[in-house]
Structure formats: structure tokens, C-alpha cells
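A short write-up of the structure that comes next.
All of the numbers you see were taken from the coordinates with simple rules; none came from a lab. Being a predicted model, the structure only gives us computed values, none of them experimental. Every residue, glycine among them, receives a Cβ derived from its backbone with ideal geometry; neighbour counts consider all protein chains shown.
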Amino acid sequence: MFARVLMYCSIPVALVLAWYAWDHSRIDVDFVAVKSGMAVDAVPATVTIEPALEIKVSSQVAGQITKGPVKLGQAVKTGDVLFEITPLNSPGQPVEVTATMDGIITAINAHPGELVEAYAPLARLWNGKAELIGRVNPENYVDIGVGMEAEVHLPGTGGESLVARVMQAPRFSETVGGDFRLVIALELPPERLLPGLVGNAQILRRQVPDSLLIPAAALNADGTVFLVNGKHAERVAIQTGSIFHGEVQVLAGLKPGDAVIIASAAPLHDGSRIQLKGN
């Protein structure tokens, strides 16, 4: 008799425990509401700081270098003597090779005692000014033009986004199938524009107001998102546009106010039971 009573009592307890376990098997999730805002179509580019003008120093005559006072990194003025060359055919008066502009010696290709041919490169002279060059691959170059804003990231800026603007945008790439070379204006002190620095940029091609936006964290690799549908997760396929600063433009599949899941305590599937954090 006691055993039968115990059995009858244990059934409701087991049901309660089973319901409790089932009810608490829901997956904790974080979510955000789909919002309306400004979508930005940005094109990636690599950027380098290059000399604005760098020329070859050469002699009009062949001969032996008898004097070469210049040093790498030396600042020179227009008219300064950079090399003296004794001509091979008329070893009389040495020929002076002078600087044709103010600048800095960036390369030395010949030294005293060496024989050089006419018009052979003896050194390179930089005018001391630099420019920012951006390179965009052909697939991304459509509709890029002069005046567009850009965000630039360079080493030594601590991750700071530098505001710049496209000043020259060519109609053709440098080589067949090659990148397009942009000249970008960037307001930085000259001492920070060091030739050879390499960074990256985003060319802001267009802005689209009143766009639906979701965090990139909500987008799955297969182009779907999980919506909060009561106590369940609902997988929905969406059509996306541009991605900028971690925000994805949604072209179709969602509406304002939809709640999309951006993080979960366990992998989700269509129909997974969920628990909204904080509830």
C-alpha cells in the first residue's frame, strides 16, 4: 500500500522535474532590434606614402668619378655640386654634376674611382614632399571619382582614422588588369608623411540614408540571421548590401523593429528554444 502511494506521489514530482528541466533548457541569447540609418558603401584600398617628385641624377658625359661629396639623406640646394667626372675622351677639365632642384639624396649609385657611362644613374634626388597613393583593384573601382572622402589608417597613428579625400582618379589602370592608382589628399604634418609607409583605406563611394542596418555579428556565413520569435529562434534568409564599421545593410528579408540574435550561449538551429538575457 505504501509503495503504491509513493508511486502515485512520485509521478507528479517526476513530471514537474521534467517540465522544469525542459523549461530551463532554453539557450541564452543577446539580441538587437533592426534599425534604420545611413548605410555606407566603402571600397577597400591599400595606401603607400611615395615621393611627390624624385629624379635621376646623371652626367651627359662618360668618364671616371673623381669626386662625389654627397651622402645618403643629405639635403642639397639647386646648383650644389654632387659629383665631378673626368671625361674619358678629354681628361682635362672635370665636368660638374649639379643638383637641379632643392631636395634630399635618397640613393647613391656611383662612387669616386668608378667609371660611368653617359646618362647612367649616379644618384636619386627627392624634392622632400610626399603624397599618399591609394591602389584599388579593378573589381571595386566602379564609380570612384575625385572629391570622395576616405578613411585612412597608417602605422604610428594608434589606430586613428584619418580623414582624407581623393584628388586624382584615373580612367585607366596602370597595367592591363592591374590596380587603379589614386592620389589622396591627407592633412598631416610633413614629418609624418614618410615615404615607404604602407597602410589601408576605405574610399566612401556612396551613402544611402534610411537603410535597414544590423550588426555584422548577427549575420551567419550562409547569409541568414536568427530572429527572436517568442521563445524560439527563427532562421531567416536575408539579402545584404554594403558592410561598413561592423554594420550590414539589409536589402530584403527584415523589417524595422525585428529582433535579431547577435550572440548565443550555444549553437542555434531553426526552432531552438531561447531565453533572452535579462528576462
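For the stretch 26-126, lysine pairs separated by 8 or more sequence positions, or belonging to different chains, with Cα-Cα distances below 30 Å total 4. Hey, quick one: spin label on Thr78, modelled 7 Å out along Cα-Cβ, who in the stretch 44-60 has an amide N within reach, i.e. under 19 Å? Under 19 Å, as judged by backbone N against the label point of Thr78, lie 52-58 of the stretch 44-60.
Considering helices alone, the calculated mean residue ellipticity of the chain at 222 nm is -3000 deg cm²/dmol, with DSSP H runs of length four and up weighted by -39500 (n - 2.57) and normalised per residue. Can you work out the FRET efficiency for the pair Ala107 and Arg135, with r the C-beta to C-beta distance and R0 = 30 Å, to the nearest 0.05? My answer for the efficiency is 0.85. On the beta carbon distance between Gln93 and Ala118, with R0 = 22 Å, the FRET formula returns roughly 0.85. The Rg/Rh ratio for the stretch 182-264, using Cα coordinates for both the radius of gyration and the Kirkwood hydrodynamic radius, is 1.19.
Shown is the FRET efficiency for Asn200 and Gln60, computed with R0 = 45 Å from the Cβ-Cβ distance and rounded to the nearest 0.05: 0.55. Placing a label point 7 Å from the Cα of His153 along the Cα-to-Cβ line, the residues of the stretch 171-201 whose backbone N sits under 16 Å from it are 198-201. Diffusion coefficient of the chain by Stokes-Einstein, Kirkwood radius over Cα pairs, 10 °C, 1.306 mPa s: 63 µm²/s.
On full extension, the segment bounded by Asn220 and Arg181 gains 10.6 nm, given 0.36 nm per residue less the C-alpha separation. Sequence-distant contacts, meaning Cα pairs under 8 Å at least 6 residues apart, place the relative contact order of the stretch 81-212 at 21 percent.
Summing Lys and Arg as +1 and Asp and Glu as -1 over all other residues whose Cβ lies under 11 Å from the Cβ of Ala33 gives a net charge of +1. Angle of helix 2-23 to the longest C-alpha principal axis of the chain, folded into 0 to 90 degrees and rounded to 10: 30°. If you split all Cα-Cα distances of the stretch 112-198 into 10 Å bins from zero, what percentages do you get per bin, shortest first? Whole-percent P(r) values from 0 Å outward: 14, 36, 27, 14, 8, 1. Sorted on the mean count of surrounding Cβ atoms within 10 Å across their residues, most packed first, peptides 42-48, 271-277 read 42-48, 271-277. Rounded to the nearest 20, the size of the Cβ-charge dipole of the stretch 97-169 about its Cα centre is 160 debye, with Lys and Arg at +1 and Asp and Glu at -1.
Summary of packing: across the peptides 66-76, 126-136, the per-residue average of other C-beta atoms within 10 Å ranks them, highest first, as 126-136, 66-76.
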